[in-house]
Amino acid sequence: MNPILSSFSSSSTPPMSDTLYDLETRKLSRVFDLGERQVQALQNVNFRVQPGESVAIVGPSGGGKSTLLALLGGLDTPTSGQVMLAGKDLYAMTEPERVQLRRGYLGYIFQGYDLLPALSVLENVAYPLLVAGLGSKERTDRARAMLVEVGLEGKEDFLPDELSGGQQQRVGIARCLVAEPHVVLADEPTGNLDTTTTDSILELLRVATLEHKMTLVMVTHDPEVAKSADRTVRIRDGMLEVNP
Amino acid sequence: MRSLFTHAARNIFRKPVQTLTYLLGLMLAVGLFVDTLFFVDLSQRDMTKNALAPIQVDMVARATTPDLRAGALETTLKGQTIVKSAESVANADFVALSKVGSATSSAAGKVFALNESYYKTFGFLPIVTGKFDPTGAMVGDATATQLGLKVGDSISLKFAAGITKPYTVNISGIVGMGVSEPLFYNPDPAGGEGYGVVADVVFLPPVMFERDLAPALSKLPITTSSVGQTGSNVVLLPVERQVHLKIDQTGLNADPSKAFKQLDALRRSLERPFPGQVRVQNNLAKKLDNAKKDILAAKMLFLFLAIPGILLAAYLSKYAVELSAEQRRRELSLLRVRGAGTREVLVITAFNALILAVLGVLSGQVFGTLMLALTLGTGVFNAANLELVAPSLGWATLGGFVLTGLAFFLPAWAQLRGEISGARRSVTRVQTVPLWRRMNADFLMLIVAGIVLYVTDANGGFKPTSTEGTAVTLSFYLFLAPFMFWIGATLLLIRLLDLLLTRGAPLVARVLKGTFGELGVVAARGMTRRSNAMGSAVTLTALSLSFGVALSLFLGTYTTQKQGDIAYVVGSDVRVTPPASANLNLDFTHKLSNLPNVTSASALARDPVALIGSEKKSVYGIDVTSFEKTAYLTSAMFENGSSHDTLQALKNTPNGVLLARDQADKYDIKVGDKVLMRLYNPRSAQYVPLEAKAVGIYTYLSTSSQDADFALNRDFMTKTVGTTGADLFLVKTSNPAAVTASIQNTFGSSLTLKLENILTATKIDSSSLTSLNLAGLGSLERLYTALIVAASLGVFLISMLQARRKEFGTMRALGTDETQLRTLLAAEALSISSISLATGVGIGTGIAALFVMLLRVIFLIPPTGLTWRVGDLGLLLGLSLLGMIFGVLLANRALSRLRVSEVLREV
């Protein structure tokens, strides 16, 4: 378990150091306005992840896990606080700058795989490269190579709904890794899979992030899945609990 | 129950997009339904009114026995509240009429006894010279011309054997007999059409007639005669006594069938007090009988013009319901998880449907009314029209509820049954080949449309066959052709589109890549792998456009044709017919030309009784130079395809003659042949021989409402025959109303002129169908088309966003920026729009061509093609384009408001 875990708390000031974290949150809060009432999804969350580290965020449903992940990925807007990516304030950036980050620095893996149903397996994997403006040949080559890496060689022309859940998630992982992100954000990556498939997917993630030296932040409610990470943080009622 | 209603209401307002989409479709359907029904009723009333307008004498009560006192009859009839005016008329035959002091006499004729008030009440017997005098007689203008009679002359009348002494009387006036047919209605009890017009007529004051002639004439024997189309035998009294009636038409029902019954009841009530003594001839009823058939055809036309729009708008609602099916399934599951029983769920669904129906119907009624006000002005809601709106609103309400039942409640109910039986756990459709496709219904319907057209053509259905005043029979099955074509073409479009999107996927990808770059390929994949959704969107948009295009082209052609028909009947913009006794010369043409707003004028000579062989024909004399400038001419009227060339051939051949195609066939005359004819000189009462050379053949020639069988050069005709050559005048102007008024003001005091123009002329030779004013309906439906196009595209794009919001959220998370997403959206929208546009214009043109072909029979000059009104079509396509842009903007707005973090959490 990474010793840095001990430095997290939901209310204390983050320790200042010269270390350049891949991800850091500073007093991050998110309040949802539901008209008649307000819901505090996150409350002064301070959280750091070092390069190459894998972190599992666990906690009960509605505790704020997915909200934190969305804020880390620049997909939502915090009510207050900051998200620092490699020392830069994510929410001080313009939308085009955030788009650039999503194209290269950040990668996403979703619980429901969220493959684009009209595109083939190969086209799905190549999609992040397409929107990033890479040429057709480079896209195809890299996507094919990634499919080999995730064990889906020969499935290039299949449509997503022609694959099993595990295979779809492999495509999702390949799609995430093909753009070689620094940080992979995974939201319940094995939430819809059986135990055997979960093990193989976790192994795949572990190997891939190690090989590509990527940082992994993973939301899960499964303690077994959390064990595969370098460290685990628990979030409850919008606040982080130190080293559960 | 109350809580279930509250739940249903909340449920509706919680889903604003689905609710508004559904309401939009229902509102457009109900609105168009209200407006169409209103137009049908409005037109029905106008057509009834137009059909009755030319009737001068509404009813004629004839005494069938000599013992009936006319005064008693008149008094009794006048007592009826619905009778506006009643005038006694007596008439008897004379065998000869001559001017005292002259050897020339006329053939047999009729003497009428009319009160002075008759001339004012009925107005079709203008006193062109002199005045009514209780001590003098008046004569018809033709008789005056023939015998050279003028006011102050004395005439002598001879009657049948038994009355030996001629009757001599002074002339106090001359009556124009141009439109005197109502005086000679055929007394055919079977109700056949026709007049027994007599050329020589004398009018006496009733006092003189009763004092001097009736006693002796009444003693003559009663005879019978075969008259009318049916050849029925009627009793002819030596002194025929009638009462001519004008009926108060304001109380007549707009529906001609009901009005017919009203009038028939009136006729019987008028006859009742005089059993066996009076027969009432109902001239209004005859016209209504014809109008009834025309109105039925008009209703069919209106419905066929509007039904596609109503169906499309209704389909929009159904489309919206289908889009929310998955969400409804989730809600249903949730309700059942929370313990709601089948009954509660059903009641909630019924309340949902009820609330939607009430909101949709109300908004549709308001919208329909607003659209009427927008296109026709608020003046349309006058008291008389308001009573027409009420039933339209009622029917539209019923339609709205039925539509909601079919589109919303039944699918929801079926879904509920499926859920209960466990047969279906999802509304995801299994993609199977639809029945229509397996049965090749598209091809079958197109073939049926073709067969209907062929059979109609083979039976002469497209040839104008109507005789004057009769209805055009448009059989209901004729409309099957465009209807089948519309459905067949639609299904074929879906088939072809599916083929394009599946088999032609690489082609679609190539095209979109070329237009939108690499993202075009993604869009192409989305489209080709969602061919069903694309098919629905393209079909809905294309059909809306085809509906609008068909309507625009049909209305353009209809209007042009209608104007052409009127101009053809009038001859030009204004026609001036002086009385036969006026003896106007060519100088009058110059006077007309010098009036303000007059572009040109042309004088025509006319001989309606010229002899060709043994038959009487109508021969006109035209001055080619002024006629070409003035008359309504199109090259389609001439067989060589050029009005100018044909008229120049006549001008270059002084004794040339143009002849109508039917006369050329009848007499086997070809261009270059010699044509011998005898023209009548009314002054000398002699026929003059004339030899002409055929130089051209026409199908139609604008001269007057009477067909022109032959046309000579006017100078040649008048010099040969010895007449002035100015029997009628055509006037070309951009302001027919002003010029008509100006002619009346300038010359009306000294001359009784018959003035007709294209604004007031009613077409007498064909169906009242052509009196339909479709312009209002056209404007309305153009707006509806644009709205339906905009709505269908907007609904498709927004529903696509709704259905694929998670997909778009994923794309955003994967680094797709907003511009790229918009490009994707634009690629799909543009593809749908361009395919819809191309197919919509194609199908629309086809339908319009079919409609025009079917309605050829109602025009005097059958249309040869479609009238492309660039402005109208441009407006329609522009409005549709605006609608599409609005749809795309709406979708873009929804896209920019997409909360990625939220949609990614959706299951």
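The values are calculated or read from the model by the stated rules, or taken from the named source; none is laboratory data. Predicted model only: the values in this text are computed from it and were never measured. Cβ placement follows ideal geometry from the backbone for every residue including glycine, while neighbour counts extend to all protein chains displayed.
Overview of results
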read-out	value
Total residues in the stretch B:782-821, condition out of contact with any strand residue (DSSP E or B) (no Cβ under 9 Å at 6 or more places or on another chain), within 13 Å of chain A (Cβ to nearest Cβ) and part of a helix (DSSP H, G or I)	13
Given (1) within 34 Å of the chain's Cα centre (by Cα); (2) within 20 Å of B:F716 (Cα to Cα); (3) without any contact (Cβ under 8 Å) to a residue 24 or more places away in the chain, index of the condition B:P689 fails	(1)
From the options B:T48, B:T6, residue that is under 30 Å from B:A291 (Cβ atoms) and either at pLDDT 80 or above or hydroxyl-bearing (S, T, Y) (or both)	B:T48
Scan of the stretch B:85-101 for residues that are in contact with a Gly (Cβ under 8 Å, 6 or more places away or on another chain) and among the hydroxyl-bearing types (S, T, Y), ordered by number	B:S88
Some residue of the stretch A:46-60 being surrounded by 18 or more Cβ atoms within 10 Å (Cβ to Cβ), away from every other protein chain (no Cβ under 13 Å) and charged (D, E, K, R)	yes
Complete set of residues in the stretch B:442-461 that are farther than 16 Å from B:L491 by Cα and either part of a loop (DSSP other than H, G, I, E, B) or among the acidic types (D, E) (or both)	B:D457, B:N459, B:G460, B:G461
Qualifying residues in the stretch B:518-534 (those that are under 18 Å from A:L134 (Cα atoms) and without any contact (Cβ under 8 Å) to a residue 24 or more places away in the chain) - the one nearest to the other protein chains (Cβ to nearest Cβ)	B:E518
Tally, over the stretch A:105-128, of residues that are more than 9 Å from every other protein chain (Cβ to nearest Cβ) and either assigned to a helix (DSSP H, G or I) or among the aliphatic types (A, V, I, L, M) (or both)	6
Residue match in the stretch B:804-814 (condition: aromatic (F, W, Y) and within 19 Å of A:T77 (Cβ to Cβ))	yes
First in the stretch A:76-97 and under 21 Å from A:T215 (Cβ atoms) and within 11 Å of chain B (Cβ to nearest Cβ), second anywhere and assigned to a helix (DSSP H, G or I) and among the polar types (S, T, N, Q), Cβ under 9 Å, 6 or more apart	A:D76/A:T67; A:D76/B:S901
Boolean, A:A145 is of a type in the set (A, V, I, L, M, F, W, C), farther than 26 Å from B:R905 by Cβ and away from every other protein chain (no Cβ under 14 Å)	yes
All positions within the stretch A:171-200 that are more than 14 Å from chain B (Cβ to nearest Cβ) and crowded, with 24+ Cβ neighbours inside 10 Å	A:T190
Filtered residue count, the stretch B:357-379, keeping only those that are modelled with pLDDT of 85 or more, of a type outside the set (S, T, N, Q) and surrounded by 15 or more Cβ atoms within 10 Å (Cβ to Cβ)	9
Filter result for the condition that a residue is more than 23 Å from B:G399 (Cα to Cα), part of a helix (DSSP H, G or I) and not charged (D, E, K, R), over B:F13, B:F38	B:F13
Test: residue in the stretch B:531-539 that is in a strand (DSSP E or B), surrounded by 22 or more Cβ atoms within 10 Å (Cβ to Cβ) and touching a helix residue (DSSP H, G or I) at 6+ places or on another chain (Cβ under 7 Å)	no
Extreme residue, nearest to the chain's Cα centre (by Cα), among residues of the stretch B:255-264 that are in contact (Cβ under 8 Å) with a residue 12 or more places away in the chain and part of a helix (DSSP H, G or I)	B:P256
Unmet criterion (only one of (1) over 19 Å from A:V58 (Cα atoms); (2) among the basic types (K, R); (3) touching a residue at least 40 places away in the same chain (Cβ under 8 Å)) for A:K155	(3)
Filter pass, A:I4 being outside any loop (DSSP other than H, G, I, E, B) and at pLDDT below 85	yes
Residue in the stretch B:265-280 that is nearest to the chain's Cα centre (by Cα), counting only those that are under 18 Å from B:T81 (Cβ atoms) and loosely packed, with under 14 Cβ neighbours inside 10 Å	B:A265
Qualifying residues in the stretch A:7-43 (those that are among the polar types (S, T, N, Q) and part of a loop (DSSP other than H, G, I, E, B)) - the one modelled with the highest pLDDT	A:T19
Single residue of the stretch B:863-893 satisfying the filter (of a type in the set (A, V, I, L, M, F, W, C), assigned to a helix (DSSP H, G or I) and surrounded by fewer than 18 Cβ atoms within 10 Å (Cβ to Cβ)) that is nearest to the other protein chains (Cβ to nearest Cβ)	B:L889
Selected residue [at pLDDT below 90, in contact with a strand residue (DSSP E or B) (Cβ under 7 Å, 6 or more places away or on another chain), buried (at least 23 other Cβ atoms within 10 Å of the Cβ) and away from every other protein chain (no Cβ under 11 Å)] from A:G73, A:G64	A:G64
